[in-house]
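Novice: Quick one: the structure is below, and I'll ask about it shortly.
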Amino acid sequence: MKRGRRAAGLGLFVILGVGCAGGASRHPQTLPPGPAPTSKTRLDVPVPLDSAVRHGRLDNGLTWYVRENHKPEKRAELRLVVNAGSTLEDDDQRGLAHFVEHMAFNGTKHFAKQELIDYLERIGMRFGPDINAYTSFDETVYMLQVPTDDDSIVATAFQILEDWSHNVLFEDLEVEKERGIVIEEWRQGRGAGGRIRDQQLPVMFHGSRYAERLVIGDKATLESFRPEVLRRYYQDWYRPELMAVIAVGDFDADTIETLIRERFSNLSPRPEPRPRVEHPIPDHERTLVSVATDPEATAISVSVGYKRPPIPRKTLGDLRQSVVDGLYHWMMSLRLRELSQKADPPFQYGFAGAGGLGRTKSIYQLSAGVRDGGISRGLETLLTEARRVETHGFTATELARTKAEYLRQVERQYDERDKLESESFAGRYVGHFLEQDPVPSAEFMLEISRQLIPEITLAEVNARANQWISDTNRVILVSGPKKESAGIPDEPALLASFDAVEKLEMTPWLDQVRDEPLVSQVPVPGSVVASESIDELQVTRWKLSNGATVLLKPTDFKNDEIVLRATSPGGHSLAPDSVFRSAQSAGSIVGQMGAGNFNAIELGKALTGKVASVSTYISETSEGLWGTAS
């Protein structure tokens, strides 16, 4: 394609004003008033479950959740949750928790062999997006999305869930057919990521049953187990007191609750059930190290993790502590991100965070992605910044910005509370059943956040460094390609990083901010010289005095969002050969340069608490920008 001078043309701007019904802008729902001060709130009371969800327990022990939700319309998300996974397998059952999940789609009492999949596909469901399941160390979850505009389909969907709960057939011939499929899945998991994971998980879960019960299982067991061994796992662990049925969607809640009671009340508890135990992950004094390389790996990463007791989640005090910890992790991640934006950065990306490790531990991790030869420098930078916080803490300006951003996000979740899709609610109730994760309402979270966040002190957040960082229960994970240029250090070199950082003199963090208006001189506005309505599209078209065209369309997809798109014809195909490569890269480079007098780091800080972003692009035949705002 010939490149040459661009012809003159008019820019075309498209603005989608979300939440501007009828073409008139409106403010999102009024925020509720803040509650009483923290000092008057009892922090030992449980976090309340959102009153919009019905839940209960049948006489046989099965738990249920039902919630009406109209996003998407005429659809329902259904779940059968089994509180049993690979850690409950006997020695001769490694991989069979996952195998049971496969067999649920290969013949039940009311759906022979392929009949179940055929039926679901016939009503418009797709295997994967709408019909799926997963098995993990501690649970197995079956998922359906079904249409709700036909009562018979909804009733059949609950028949499927009931069959999965106690009527899977496990016919010998079907087991043998599925054996090859599961072994092939095992083989497909032997790629670079799977091979690295299999090296690192036993180190992460050192000394525990988790290290011996990877979900995909043992190939020798998968090839040789007898069908009765598979049935034994199903009989032992698919019991009503270990199950939950979850239904969220565009339906009548009374009808769905009745269906659940009719379908699942007939499940019988086991007369002498095996105890469902939690498997501990032992503490360890020495630092554990896993250096995993693979010829097919393409990225290099390093992380240091600190195992901790499990994070409590039940009371308002636990919720408050989670906010304190969230602020800590957020500020640490922001510091690491800022370092990644420096010239000659120590890593390409870095972040900090905490989460569950099995059911009996949590883990705090500092992680980074590095270039060839950068592991030692990346690890030492992570350790240095952790020690800097431990020594000097965060700054008052960092905390003020992070608290403002935290509260702004809670406010946005409140604004969009009626736009959440059913799948999101269903996932929350899975966590509530399995690990008692709190599921409060958006109204409650806004009220309690507006109350708690202003009263959290800098000293309180800084004190958490001593809780997250320790000399014991440490794990170092390194992964990367098996090549000389990667510069993968050995275990002694990695451990030496701790001693090297301990010898450093820690100076306080300098919080780089610019105290001036983002736009120092407001542009002189133009005018609308022509306006017309395109009724069939519900669009208004303006012509501006500078020649640009603007299209405006009100939508109700979200309550508090405006989406902006702008484009003009041209693109890098018209650039001269001498600057073609620069033209190709210019759009992405602009996004890293900040705006006006603000560099990228200062710009991010200046936008704290604001929902506003703009990006640029140059394609082959056009250039433009896109952005969002509240």
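Novice: Under the rule of at least 5 residues apart or a separate chain, name every residue whose amide H is placed under 5 Å from the amide H of ASP437.
Specialist: Result for ASP437 returns HIS432.
Novice: Here's another thing I want to ask about it. As a quick test, which of the pairs LYS71/LYS610; LYS113/LYS219; LYS361/LYS483; LYS113/LYS558; LYS71/LYS314; LYS307/LYS503 have an alpha carbon distance above 31 angstrom in this structure?
Specialist: Beyond 31 Å: LYS361/LYS483; LYS113/LYS558.
Novice: Then there is this: So what are the three principal axis dimensions of the range 278-390 from its Cα atoms, in whole Å, longest to shortest?
Specialist: 45, 30, 25
Novice: Hand me the GluC sites (Glu not before Pro) from the range 276-344 located in a DSSP loop with no more than 14 other Cβ atoms within 10 Å, in residue order please.
Specialist: GLU278, GLU285, GLU296
Novice: Now a separate question. To make sure I understand the rule: partners must be aspartates and glutamates, Cα under 12 Å from the Cα of LYS553, and not fewer than 8 residues away in the same chain. Which ones qualify?
Specialist: ASP535, GLU536
Novice: Could you tell me how far the Cα centroid of the range 391-419 sits from the Cα centroid of the range 66-83, in Å?
Specialist: A separation of 30 Å, based on Cα centres.
Novice: Then there is this: Any idea of the accessible area per residue across the chain, 1.4 Å probe, to the nearest Å²?
Specialist: Counting only protein heavy atoms, the per-residue value for the chain is 49 Å².
Novice: Treating only the Cα positions of the range 216-330 as identical point scatterers, give the base-10 log of I(q)/I(0) from the Debye formula at each q in 0.15, 0.17, 0.22 Å⁻¹.
Specialist: -1.18, -1.14, -1.21
Novice: Right, another one. From the C-alpha coordinates alone, can you work out the Kirkwood hydrodynamic radius of the chain, in Å?
Specialist: Kirkwood hydrodynamic radius for the chain: 28.5 Å.
Novice: PHE251's amide H: which non-local residues (gap 5+, or another chain) put their own amide H closer than 5 Å, with H modeled 1.01 Å from N in plane and none for Pro or chain starts?
Specialist: HN-HN under 5 Å from PHE251: ASN69.
Novice: Another question, then. How far is the Cα center of the range 523-555 from the Cα center of the range 137-154, in Å?
Specialist: Spelled out, the Cα-based centre of one part sits 45 Å from the other.
Novice: With the cut-off at 1.5 for a/c, could you classify the range 469-609 from its C-alpha gyration tensor as rounded, prolate or oblate?
Specialist: Cα axes put the range 469-609 in the prolate bin.
Novice: Report the GluC sites (Glu not before Pro) located in the range 142-219 that are in a DSSP loop and have at most 16 other Cβ atoms inside 10 Å of their Cβ, or state none.
Specialist: GLU171
Novice: Given the rule -39500 (n - 2.57) for each run of at least 4 DSSP H residues, summed and divided by the residues of the chain, what is its mean residue ellipticity at 222 nm, to the nearest 500 deg cm²/dmol?
Specialist: Taken over the chain, the calculation gives -11000 deg cm²/dmol.
Novice: Kindly point out which whole DSSP H helices in the chain project their C-alpha atoms 27 angstrom or further along the helix axis while averaging a Kyte-Doolittle hydropathy of -0.5 or above.
Specialist: Result, helices passing both filters: 316-340.
Novice: At 25 °C and 0.890 mPa s, grab the translational diffusion coefficient of the range 439-526 from Stokes-Einstein with a Kirkwood Rh over Cα pairs, rounded to a whole number in µm² per second.
Specialist: 123
Novice: From the protein chains alone at 1.4 Å, what is the descending order of accessible area for TRP64, TRP542, largest first?
Specialist: Accessible-area ranking of TRP64, TRP542, largest first: TRP542, TRP64.
Novice: Please identify every one of the trypsin sites (Lys or Arg not before Pro) in the range 188-267 that sits in a loop by DSSP and has no more than 12 other beta carbons within 10 Å of its own beta carbon.
Specialist: Sparse-neighbourhood loop trypsin sites (Lys or Arg not before Pro): ARG190.
Novice: In a shell of Cβ-Cβ distance under 11 Å around VAL461, excluding VAL461 itself, what net charge do Lys and Arg (+1) and Asp and Glu (-1) give?
Specialist: Once all neighbours under 11 Å are counted, the net charge is -1.
Novice: In addition: Express the carbon and sulfur contribution to the solvent-accessible surface of the chain as a percent, rounded to the nearest whole number, probe 1.4 angstrom.
Specialist: Carbon and sulfur: 52 percent of the exposed surface of the chain.
Novice: Something else about it: Could you please state, rounded to a whole Å, how far the C-alpha centre of the range 494-517 is from the C-alpha centre of the range 343-382?
Specialist: So the two Cα centres are separated by 15 Å.
Novice: Moving on. What is the percent of Cα-Cα separations in the range 541-616 that go past 14 Å?
Specialist: 76
Novice: Sticking with this one: Using the Karplus curve 6.51 cos²θ - 1.76 cosθ + 1.60 with θ = phi - 60°, what ³J(HN,Hα) values do you get for each residue of the range 76-92, in whole Hz, with x for Gly and Pro?
Specialist: Result, ordered by residue: 9, 9, 10, 9, 10, 10, 10, 7, 7, x, 5, 5, 8, 5, 6, 4, 8 Hz.
The values are calculated or read from the model by the stated rules, or taken from the named source; none is laboratory data. Quick caveat: nothing in here was measured; it's all calculated off a predicted structure. Here Cβ is always computed from backbone atoms with ideal geometry, including for glycine, and neighbour counts include all displayed protein chains. Heads up: the accessible areas ignore ligands, DNA and RNA and are worked out on the full protein's heavy atoms, side chains in. Shrake-Rupley method; radii C 1.70, N 1.55, O 1.52, S 1.80 Å.
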